[in-house]
Amino acid sequence: MAEPLSIARVVRAFALTGILSIGGGRAAFFYDALVMRRRWMRAEEFLQDFTLAQLLPGATFSNLAITLGHRLAGVGGAFGGLLAVIVPGGVILVVLAAIYLARGLTPDVATLMRGMSAAVVGLVAVTTLRMARPALVSARALAIAAVTFVAVGPLRLNTPVVIVVMTVVGLWLHRPKPAR
C-alpha cells in the first residue's frame, strides 16, 4: 500500500467488524472487509499480519486489529482499530451476559447458539481456504502445514510446542541461500 489510510476510515471499518463478527470468525470478517471488499491490502499482507497475531501472546483478534491497524494507518490506526474492535464486542458481551444471568440458557437460546456456532465454523473454514491459496505456494509450505495439522489434530501434541518447532523448521527451510 502506497499511502496510509485515515485513522477514521480504519476505525469505521474495524468498528463494523467489531459489531458484526463473532469469536473465531473475526479473522474471516477482517479478511473479507480489508482484502476482498475494500482491497486495502493484498492477501499476502493479511496473511503476514494474521501469522504475527497468532504467534504473539494475547487474544488473536486484538493482536490482529493492532497489526492490521498499524499497517493501514500507523500507530493511530493500531490504537483506533483495537478500540473499534474491542468496545462493540465488550458492550455486546455485557448485554448478553446480563440477559443470560437474568433468564438462563433456555432451549431456544441453546438452539440459537448451536446455529451461530455452525455459522462461525463455516466462516472460519471459508477464510482458511481463501488464505491457504497464497500461503501454500510450495511443497515445503504444504509439508509444514500438513505436519502441523497432524501434530496438533490427530496426534494432539502440545499446540505451543508444535508452533515453536514448526516456526523454527519453517524458518530453516525458507532461509536465504548463501551468496556464491
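Yes or no: the stretch 125-143 includes at least one residue that is modelled with pLDDT of 85 or more, touching a helix residue (DSSP H, G or I) at 6+ places or on another chain (Cβ under 6 Å) and of a type outside the set (Lys, Arg).
Looking through the stretch 125-143, at least one residue is modelled with pLDDT of 85 or more, touching a helix residue (DSSP H, G or I) at 6+ places or on another chain (Cβ under 6 Å) and of a type outside the set (Lys, Arg).
Out of ALA78, ALA73, which single residue is farther than 25 Å from MET116 by Cβ and touching a residue at least 60 places away in the same chain (Cβ under 8 Å)?
Exactly one residue qualifies, and that residue is ALA73.
Yes or no, residue by residue, for (1) open to solvent by 30 Å² or more (accessible area, probe 1.4 Å); (2) in contact with a helix residue (DSSP H, G or I) (Cβ under 6 Å, 6 or more places away or on another chain); (3) in contact (Cβ under 8 Å) with a residue 12 or more places away in the chain; (4) outside any helix (DSSP H, G or I):
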{"site": "GLU3", "(1), (2), (3), (4)": "yes, no, no, yes"}
{"site": "VAL10", "(1), (2), (3), (4)": "no, yes, yes, no"}
{"site": "ALA15", "(1), (2), (3), (4)": "no, yes, yes, no"}
{"site": "ILE19", "(1), (2), (3), (4)": "yes, yes, yes, no"}
{"site": "PHE29", "(1), (2), (3), (4)": "yes, yes, yes, no"}
{"site": "LEU34", "(1), (2), (3), (4)": "no, no, yes, no"}
{"site": "MET41", "(1), (2), (3), (4)": "no, yes, yes, yes"}
{"site": "GLU45", "(1), (2), (3), (4)": "no, no, yes, no"}
{"site": "ASP49", "(1), (2), (3), (4)": "no, yes, yes, no"}
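Quick check: is even one residue across the stretch 52-73 over 27 Å from ILE163 (Cβ atoms), open to solvent by less than 80 Å² (accessible area, probe 1.4 Å) and in contact with a helix residue (DSSP H, G or I) (Cβ under 9 Å, 6 or more places away or on another chain)?
Yes, there is a match, as at least one residue in the stretch 52-73 is over 27 Å from ILE163 (Cβ atoms), open to solvent by less than 80 Å² (accessible area, probe 1.4 Å) and in contact with a helix residue (DSSP H, G or I) (Cβ under 9 Å, 6 or more places away or on another chain).
Taking the condition out of contact with any Ser or Thr (no Cβ under 9 Å at 6 or more places or on another chain), of a type in the set (Val, Ile, Thr) and assigned to a helix (DSSP H, G or I), does VAL75 pass?
yes
The values are calculated or read from the model by the stated rules, or taken from the named source; none is laboratory data. Here the structure is a predicted model, which is why all the values come from computation and not from measurement. FYI the Cβ positions are ideal-geometry reconstructions off the backbone, even for glycines, and counts take in every protein chain you see. Ligands, DNA and RNA are excluded from the accessible area calculation, which covers all protein heavy atoms including side chains. Shrake-Rupley method; radii C 1.70, N 1.55, O 1.52, S 1.80 Å.
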